[in-house]
Amino acid sequence: MAGFRTLDDIGAVSGKRVLVRVDLNVPVADGKVTDITRIERIAPTIAELSGKGAKVILLAHFGRPKDGPTAEFSLEPIAKATSEVLGRPVGFASDCVGDKAADAVGAMKDGDVLLFENTRFHKAEEKNEPSFTDKLAANGDIYVNDAFSAAHRAHASTEGLARRLPAYAGRTMQAELDALEKGLGNPVRPVVAIVGGAKVSTKIDLLMNLVKKVDALVIGGGMANTFLAARGTNVGKSLCEHDLAGTAKQIMIEAAESGCAIVLPADGVVAKEFKAGAASETVAISDVPADGMILDVGEKTVKSVNDWIDRAATLVWNGPLGAFEIEPFDRATVAAAKHAAARTKEGKLVSVAGGGDTVAALNHAGVADDFTYVSTAGGAFLEWMEGKPLPGVEVLKR
């Protein structure tokens, strides 16, 4: 983390008001948080600052409110869940600026933790309006960003505040940046990337960036069909963006020029309908029937993927190899995930994974905790893989 300011650089915080941008965009049902993973991840930063006597003020968004404050998008229920995770009281202010916010901060004692109401209740937040940023900054002496997941947005609470106050990366942000540096920034080679998912169209920038940075690119999921079709393979009724054949060919040309091996399916699990328990068979990729859909890769392909994992010192993973949500089309993703996890546990592989479907797939395989790092950042992780600068990260550079 030599390139970024962290809590190790912050100095004494006792009595200081520390505005901490966190990710509390968690699932809520019937007023209760149903998954506390993101709260658990920010707990170390909050505990460290609070333990050193700081007045910790949490800033976060929740959902996509369009018409100002509503109960549906209030962070108040999440204050209770945060309190339970931290094992200490977490106060709540019904606004993030103005008198309500100032009064709540004024009542804080050293070590207290306070959560401000949803920053997106103010349209000026997403517009990064200077006057709104000034109002946020009025309640703090120091700014800490611990929300990598929101770092690809140049909003007032993610980028603007870092230009108003002394700014630092929290422990979760630090861990994320460390992992990403090991993944693609300055990785140990060989580097293998696994990229899956439904469509090439959503990951063109990602693929173009990766073929210039990795030694091998494994392409799975529905997007593999577009590459196969571009090479003249009949993929039957499989999901395929035939109009992107030219793009797929260009990516393969770029890969060849960069010395990056492209690994495509050698066989596939084919069914005539996409539903749980559908009758299926494994065929060579050249023998896909006209009325069949490729819903997973076969054993030969899994062996090839695992062979590439064995050769790798670093693995970056985004997207499943097949339609893992429905059995039996989860087998390839589970098998490759377990193999990568085993190599990681043996100390032979640095494995960095991210993206919503990827996290779900690794949890499904029961190996998420065995990877070196699993990012829950979604869009920010994807933009990082695409090689794009993230506004919320750039402002933390030394």
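The values are calculated or read from the model by the stated rules, or taken from the named source; none is laboratory data. Only a predicted model underlies this, so the values are computations on that prediction, with no experimental measurement involved. So basically every Cβ, Gly included, is an ideal-geometry build from the backbone, and we count neighbours across all protein chains shown. The protein model used for the area step is the full one, side chains on, heavy atoms only, and it has no ligands, DNA or RNA in it. Shrake-Rupley method; radii C 1.70, N 1.55, O 1.52, S 1.80 Å.
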How do His152, His122 stack up against each other in accessible area, from largest to smallest, with a 1.4 angstrom probe?
His122, His152
Helix 37-51 sits off the longest principal axis of the Cα atoms of the chain, rounded to the nearest 10 on a 0 to 90 degree scale, by 30 degrees
Can you find, among Ser131, Ser157, Val192, the residue sitting farthest towards the positive end of the charge dipole of the range 120-192, where Lys and Arg contribute +1 and Asp and Glu -1 at Cβ?
Val192
Assigning unit charges at the beta carbon (Lys, Arg +1; Asp, Glu -1) and nothing else, what dipole magnitude in debye, to the nearest 20, does the chain show about its Cα centre?
740 debye
Trypsin sites (Lys or Arg not before Pro), restricted to the range 97-148: which are DSSP loop and have at most 16 other Cβ atoms within 10 Å?
Lys109
What do you get when you divide the Cα radius of gyration of the range 250-398 by 2.2 N^0.38 Å, with N the number of residues?
1.15
Round to the nearest 10 and report in Å² the accessible area of Asp67, as given by a 1.4 Å probe over the protein chains' heavy atoms.
140 Å²
Starting from the Cα of Lys300, step 7 Å toward the Cβ, then list every residue of the range 271-290 with an amide N under 18 Å from that point.
271, 281-290
Once you charge only the Cβ atoms, +1 for Lys and Arg and -1 for Asp and Glu, what is the size of the charge dipole of the range 102-237 about its Cα centre, to the nearest 20 debye?
940 debye
DSSP beta bridges in the chain, what fraction antiparallel, as a percent rounded to 5?
25 percent
In the neighborhood of Val302, defined by Cβ-to-Cβ distances under 10 Å, what is the net charge if each Lys or Arg adds +1 and each Asp or Glu adds -1?
-1
Pop the C-beta distance of Arg398 and Asp243 into the FRET formula with R0 = 56 Å and round what comes out to the nearest 0.05.
0.80
So for the chain, averaging the separation of alpha carbon pairs under 8 Å that are six or more residues apart and normalising by length, what relative contact order in percent results?
16 percent
Can you tell me the 0 to 90 degree angle between the C-alpha axis of helix 76-86 and the longest principal axis of the chain, rounded to 10?
80 degrees
Separation of alpha-carbon centers, the range 1-77 and the range 225-302, rounded to whole Å:
43 Å
What net charge is computed for the residues neighbouring Val352, neighbours being all others with C-beta under 11 Å from the C-beta of Val352, Lys and Arg scored +1, Asp and Glu -1?
-2
Accessible-area value, Asp369, 1.4 Å probe, nucleic acids and ligands omitted, Å²:
150 Å²
Within the accessible area of the range 288-398, what % is carbon and sulfur when the probe is 1.4 Å and the other protein chains stay in place?
50 percent
Members of Lys123/Lys213; Lys66/Lys338; Lys16/Lys127; Lys127/Lys203; Lys272/Lys348 lying beyond 31 Å, as alpha-carbon distances in this model show:
Lys123/Lys213; Lys66/Lys338; Lys272/Lys348
Step through the residues of the range 392-397 one at a time and calculate ³J(HN,Hα) from phi using the Karplus curve (6.51 cos²θ - 1.76 cosθ + 1.60, θ = phi - 60°), rounding each to whole Hz and writing x for Gly and Pro.
x, 8, 4, 6, 9, 5
Which of (1) 5, 22, 28, 21, 16, 7, 1, 0; (2) 4, 21, 32, 28, 12, 3, 0; (3) 5, 24, 33, 25, 11, 2, 0 is the computed P(r) over Cα pairs in 10 Å bins from 0, in percent? It is (1)
Over what distance in Å are the Cα centres of the range 135-180 and the range 335-398 separated?
21 Å
Tilt of helix 331-345 relative to the longest C-alpha principal axis of the chain, in degrees (0 to 90, nearest 10)?
60 degrees
Spelling out what I want: for every residue of the range 232-240, take phi, set θ = phi - 60°, compute 6.51 cos²θ - 1.76 cosθ + 1.60 (Karplus), and round to whole Hz; glycine and proline get x.
x, 7, 7, 10, x, 9, 5, 4, 7
Which value at 222 nm does the chain reach when only helices count, each DSSP H run of 4 or more adding -39,500 (n - 2.57), with the total divided by all residues and rounded to the nearest 500 deg cm²/dmol?
-10000 deg cm²/dmol
Size of the dipole of the range 114-164 about the Cα centre, Lys and Arg at +1 and Asp and Glu at -1 on the beta carbon, nothing else charged, in debye to 20?
140 debye
Does the range 5-144 come out rounded, prolate or oblate by the C-alpha gyration tensor, with a ≥ b ≥ c the root eigenvalues, rounded set by a/c under 1.5 and, if not, prolate when a/b is larger than b/c and oblate if not?
oblate
How large is the accessible surface of Val211 in square angstrom, using a 1.4 angstrom probe and rounding to the nearest 10?
0 Å²
